[in-house]
1. Taking the Cα centre of the stretch B:279-403 as origin, work out the dipole magnitude from +1 charges on Lys and Arg Cβ and -1 charges on Asp and Glu Cβ, in debye rounded to 20.
2. Which far-off residues, 5 or more places away or on another chain, put their amide H under 5 Å from the one on A:SER138, with H placed in the peptide plane?
3. Stokes-Einstein at 25 °C, 0.890 mPa s, Kirkwood radius from Cα pairs: D for the stretch B:248-310 in µm² s⁻¹?
4. Give me log10 I(q)/I(0) at q = 0.17 Å⁻¹ for the stretch B:243-364, Debye formula, one equal scatterer per alpha-carbon, no solvent.
5. Please compute, for peptide B:508-515, the average count of beta-carbon atoms on other protein chains lying within 10 Å of each residue's beta-carbon.
6. Tell me which residues come under 5 Å, amide H to amide H, from B:ARG234 once H is placed; ignore anything under 5 positions away on its chain.
7. For a quick protection proxy, order the peptides B:306-315, B:124-133 by their average other-Cβ count within 10 Å, most packed first.
8. Please tell me which of these pairs span more than 23 angstrom C-alpha to C-alpha: A:LYS345/A:LYS429; B:LYS472/B:LYS508; A:LYS260/A:LYS304; A:LYS29/A:LYS88; A:LYS67/B:LYS435?
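A short reminder: the numbers here are calculations on the coordinates, not readings from a lab. Note that the coordinates shown come from a computational prediction; the quantities given were computed from them, not determined experimentally. Positions of Cβ are backbone-derived with ideal geometry, glycine not excepted, and every protein chain shown enters the neighbour counts.
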Amino acid sequence: MATPNIAFESGGDLLALFTRAMEKLGGLKNCLKENQPTIVAISMPFPEPAPVTTSFPLLRQLLQELKTLNLPQIQVCAVPDWGFNAQKVAHTLGISEFVKQCGAEFTAINQNGEAIPSNSSVKYPLYPLISKATNYISLPSIRFDPILGFFGACGTNYQFLFKPKKRSRNINFGFLLNRKKYSRSNWAVCEKNPEDIHKKFVDVILGSLSTRVPDLTVVDGSQVLVGQGPLLLTGGQPYSGNFLVAGNNPLAIDKCLAEKLGFKMDETLLLKEITQENLLDLQIPQEENTTGSSSSSQNPPPQKANNNLTSGLPSRLTVEQGKTCVLCQQNLRLLVDIMSNIGAKDLTYLEELNFISGIAPPQPPSLRNICLFGDCAINSTKKYEFHKIKQVKAAKKEKEKTPKKEKEKAAKKQKEKAPKEKKEKVSVKRNKSIVKIPGCPPSPLEVLQRLLQQYSGKNLPAVSFWLQVWKSLQNKSRNTLPKRRQGDGKP
Amino acid sequence: MTGDIIGDYEKLLERKWKERSSARISDAEIPSNTESSNVLQIKNLSGLTNIAQELGAQLFDSNENHVTIITKNGKYQAAFLHLQTSNEGETRITHENFQEFQDKNVEEISPDKILTHLSEYIYKTYKVKPNFIRIIDVELLQLFVEFYSKHNGNQTLNVTLSFLAELFARWMTGLIAGNWIQYPELPLVTFLRNIASPYDNIIVKILQFLTNKKFNKKPVAIFIDTPNGVLPLRFIPTASGGEFTPVQQAKARPVDWEDFPEFLRQERVRLNVGHIIYFQLREMLDFFNDVIITPIPITNARWKSIGQRGLYFLKNYGESWVTYPPPRIINTFFRFFTRFLGYNYNIWKLSYWYAPSVILNLLVESTGGSGTILCLYRSRTKNGRKKNLTGFTIRIESAAITGIESTDPQFVKSLQENGKNIDLTPEKARDVFYKGQQTYPNLTNVLFISEEFFDQLLRKLLGQFLSLSPLKLVNASRTLSRLRDPRNFYMYPETVGFQYLRKIGGFKLLRWISRLFFDRYEF
């Protein structure tokens, strides 16, 4: 691996920053091999089009400069989040057409790591394409995340570089979860050591770089999604960092980004790994090695993502967490944000919604509208009391054809007798207002669909609306959700 | 010439003051227990002037002590003192000549210094202090003088909407050019000046847009409930937007709330109008005061707040505003019927707290919270001839609309093919998008709107608003179904929101609107 060489530029127009950074790195020609096909990996984590989607002007500038190098083939690749159909998303955002206009090819990648060329229905894995001696350029964007601190150069790369083995229904970390020991329904791994998942996740991200390190990584800091995120719709805040980092080493770039965004090196596991281990024989460059203008023109560091699920929740929404792995926590936090912001109206109709996640969670505060999130919560709460509702009914008095006076006398006699004996019937019924959402972790889209199945569109108008809107972008895959039982659906 | 204008202005000020005094006296003279107490006879005072005075007092602090300085190209010409000389709020206007400012350029002197200097002099002479100074250029003053001399004292005062729009546009031009300065500046003036630049003088544009529309066939009476009584205005729709005819008699509201429908019924017959719209001035001003303290550019949270405040005003039917005859949809039976059909339209259950976030979320969904939307439309003349292509761009930053600009004429010209304007078809939208990206680097969407369709939509929505009934909902849904036709409305790239809009018809869209914009529980 080449010696880390990164350029940090701040203050000014994005394209000017890019030009300056490339000049510092010796130009595109210096970073790429001649006469080799080139793959440009961009960020397209739909349903959040921007600011986390790679900036169009930056992509155009790069493609225009690549064309001047007379490279044989230029392919632009992108992968969406949440299991949306990559081609449809690219069409919706206008990326596929845009890339064509710039004289390149667009290749969408679905959640299983298969590349789908825009003009053919043939699917083939992307991994061999990148692993061969092609030029590989990465254009990630930055978004804050409670698990990694922020998704930067490393966080985006693993989507393209991790070699998939089997199909997985999991969306956010689909590539990671293809591994046998973290396969779906193997929630027992979480039970033993949920913290280990976090470590393994970071390992996968860093390990994917061992297969292929991008020849050039350009991170646009002019539009950063900060705060709670990861969606702008759910409480994220756009932040203009007014900088650009480019270089040949994603780890060095992420370290530089961490410093510029106000992260300490021991703040997140990924940053710890980068600093502690001598990964890929990497020498992390010092601050003085980075070139560029001073950071005085940069805006102050933004607010960081908060992983505390229980703070700032609406009064009608509660979250009870046991021992939860980071993957469940990430998806649950996304759901909670969706319900708090987009689904604020739905919560008024449901009156209350109680999410339960993790292993050995506490009892929910109420028996109504309980949502068991993930296999871990479903399996570990099987013996919990909230599955059953006890209904106490007073016994009906036997009707006697006796005159009123005799009744009164009998009542008086009964009063005199001490103590009272109440005849009560206790009936135990199944709690029908529990929604079980399988998955390890369940995907946010599946959870929303399951909630809609349970509580119907009338009770969840906002969720129902957004699911309808996003429906056209989803894959026409088999519906694996269990059918709703009759009698359910009353909030 | 300048002297004539100042003289006219002086006469005008005196006359206005006399009219106000006479109004106050006549008000006091009327006994309260007679039948005529419901009718306040305000002589020689048009309703429009009365409303302007009321709004001026509330929004411009015109009743406070102040000094008006007249300038010509910045040079001092004359000064008028507006001072309250008694505790009863009586205002005296005196023409003063401050020799120390003669032939001096007032614009070069700091307004703070002028105010301090005048305060000392006025306090010595009149034992009162001015609260603010107002510097008006002769050019702008001439406009006001012409306006008053043309219309004041006219018993059948007809003010067209286009005239008002023009007057406001000229005043705004003067304000932006520095021909109208007030120190210390009022929040309203600051707001109007600040909003003009990034939002392309949007208030003037909306007024001018409305002047060309004809929404309702029947005349409408607008009643504004002020502390001094009810001020009626008759609005007659005309081909050029319509005109206001102030009614000479200002009404006092009935003491008992139960008499209110009868009062409105009688007024409707008396004024011979289709509808009466009754507003509470206090509520309106509260809303305006909330809006004018908004910092520019308006942030996402502030857009939500303004939207919530505006919708809350609309929701308060019966308190903040009322119409007579009330819309059929208010009727419980009709409401039940529409609810049975799946539409829940109840103005009292408007989701004022949630609706703005739905709109902003859709905006974020289409642009990602940052970008520029290029809206292009082509209007047609009455003969059906196509006019030139025009448009505007909406700049979005941090999930909020931070700017509206007219499109660059050079860019519109570059869209021509063989010297002719292009057709607004989906095929052309892609070309416009890529051409537009060269002019507007952050362009995220191109929107084609047919102005004819937009007019029809607006006419249906606003025209039927006062008489909304289940059958008219069906009619409205048919109009909304036209959104599916790309000749009427098209967006490139086709965002998910737009794709869904094209997929569903008008009926379904109305149902979504009812579900998202209205709360369900009402009985």
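1. I would put it at about 780 debye.
2. A:ALA41, A:LEU216, A:THR217, A:VAL218
3. 167 µm²/s
4. The Debye formula, applied to the Cα set alone, gives -1.06.
5. 2
6. Those qualifying (amide H under 5 Å, at least 5 residues apart or on another chain) are B:ILE222, B:THR245, B:VAL247.
7. B:306-315, B:124-133
8. Too far apart for the 23 Å limit: A:LYS345/A:LYS429; A:LYS29/A:LYS88.
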